[in-house]
Amino acid sequence: MAAATSTIARKPVARRRLRPGKAAGWSGFYVLVTIFVVVSLFPFYWIVITALKSQPEIAAGTSSLLPAHVTWSNFHAILTQHVFTRALINSVIVALSTTILTVIIASLAGYALARTQIRGKQLIMGFLLVAGFFPVIAMVGPMFITYRSIGLLDNLAGLVIVYFIYTMPLATWFLTSFFSQIPRELEEAAIVDGATRLQALRRVIVPVAVPGIFTVGILGFIFCWNDFLLALSFITSPSNYMAPLAIVNLGQSQYQTFYNLIDAAVVIITLPIALIVLFAQRRIISGLTAGSFR
């Protein structure tokens, strides 16, 4: 019996082999994915290697895929410029302020829309969706005239308001869909235990809705951090520049453009967003998928 068991245990397990047609299909799929990834990442790779090249190498017109001599002096030169460091601080202040404001207001509005039964609710949701995808350029003219009349041009607080106006509708629409997936019994049990509606929202619903709230916050922060058009339209003083706007005046002289300095600034601006997306991608994906079914 033991010998038979040993023979059975030693018997090799047959491996499933893919048919030639199926194997070729999977191989073609992976080749296409690889090509897509390489083509997508190549522009950023080119920016990085340009930022690591010296000015003489850039002036010589070399087009090598690797720098002849790696130098970090471009990053040092950019980070020691007061205009750019001030622009980075402005971007952090404006992006964080807008994100916090959007998350708080959109959470309250989304929860109210998800839990109340009012006439025209679907119309309101449709309006929020349309407003969320409204072209940014269409906002500039009316907002510029309004800001000029009330004295909010060239003001970081005014820029926060502009960003909030644009991020609020889509954040509210998304969180309304997300809160609709959370069972009503959770806050009803908390209310029965003596909690108010706001206490139930803060202590019961918000912890459950963290993926959706986190996703809204990340997407809002990315929009504010990367924006160029609205900052260009409402900010004029170099001391109030946002980081993408400050790049325009970096590396420029009367007779020459220092592309290595410009690309070093682009890398510095892009790196925080890339790190946020890499480390928070699971939460972003879970938040987007959780709020997509109603």
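Here, each number is a calculation from the coordinates, and none is a lab measurement. Values in this document were obtained by computation on a predicted structure and should not be read as measured data. Quick reminder, even Gly has a Cβ in these numbers, built from the backbone with ideal geometry, and neighbours come from all protein chains shown.
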**Study point:** Within the chain, helix-based [θ] at 222 nm, where runs of 4 or more DSSP H residues each add -39,500 (n - 2.57), nearest 500
**Key:** -23500 deg cm²/dmol
Exercise for review: Above 23 angstrom, tally the Cα pairs of the stretch 82-249 and express them as a % of all pairs, no decimals.
Suggested key: 47
Practice item. Would you work out which of Y147, I205, Q117 lies farthest towards the positive end of the dipole of the stretch 92-213? Charges go on Cβ: Lys and Arg +1, Asp and Glu -1. Key: Q117
Check your understanding: Cα centroids of the stretch 87-141 and the stretch 54-81: how far apart, whole angstrom?
Key -> 42
Check your understanding: How high is the FRET efficiency from F127 to L229, r the C-beta distance, R0 22 Å, rounded to 0.05?
Key -> 0.40
Exercise for review: Output the relative contact order of the stretch 82-249, whole-number percent, from Cα pairs under 8 angstrom with separation of 6+ residues.
Suggested key: 44
**Study point:** C-alpha center-to-center spacing [the stretch 257-286, the stretch 187-228] in angstrom
**Key:** 26
Study note, to complete from the structure: Evaluated at 10 °C and 1.306 mPa s, the Stokes-Einstein D of the stretch 181-229 based on the Kirkwood radius over Cα pairs, in µm²/s, stands at 127
Point to revise | Entry for Cα extents along the principal axes in Å (calculated from the structure that is shown) out of (1) 87, 45, 41; (2) 91, 65, 33; (3) 56, 39, 38 | key: (2)
Review point. Based on the mean of other beta carbon atoms within 10 Å per residue, what is the order of 164-170, 66-72, 268-274, most packed first?
Key: 164-170, 268-274, 66-72
Review point. So how strong a dipole does the chain carry about its Cα centre when Lys and Arg Cβ are +1 and Asp and Glu Cβ are -1, to the nearest 20 debye?
Key: 1500
